Amino acid sequence: MRPAVHWCRGRSGVYQAHPEGLNRDTPPLTQSASLWSVTHEYTLLVGGTVIRGGTAADAQAIAWAHGVILAIGSNAEVRAISRGDSTVIDLAGACVVPLARDATLDVGGSADLAILATDPRLSPESGPWPPSSATSVVRGGRVVSGALPG
């Protein structure tokens, strides 16, 4: 039987901790390949506008893994969390918005978002959210409608 595993976020990425706790002296690696392992296979969306919601400032990029937002910031800041095995997607100017009108995109929160070809603030819709113009919808880090750009 596999032991319970707890996820902890460290400065250089997501670490998977053994039940006894996180060993910060060891970089993310497998203690025993059959017991537990760590991945840096993040999804990074760069080169667009991330409309975080609420009063938070817009950003250029966002990254998530396992359904949890890991970084929101400039393209360089978000790219910096990758160890080279991440999926990097160029938004080509598209906008990322929270799935609910009153929701926000925050580090540590759920990767529930929509990608829109244009900034919804330029022509606000009073209809359903996300707008029908969404090119893709992501819930818990998984694409459930449409496709990611590229």
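Annotations for the structure displayed:
- Highest mean first, the peptides 43-53, 90-100 sorted by other C-beta atoms within 10 Å per residue fall in the order 43-53, 90-100.
- Here each label is just a point 7 Å from Cα along the line to Cβ, and for ALA80 and SER133 those points are 3.3 nm apart.
- Over the range 43-146, Cα pairs under 8 Å with separation of 6+ residues give a relative contact order of 27 percent.
- Spacing of the two label points (7 Å from each Cα toward its C-beta) at ASP90 and ASP119, in nm: 2.1 nm
A short reminder: the numbers here are calculations on the coordinates, not readings from a lab. In this text, all values refer to a predicted model and were calculated from it rather than measured experimentally. Please note: Cβ atoms are built from the backbone with ideal geometry, for glycine as well, and neighbour counts cover all protein chains shown.
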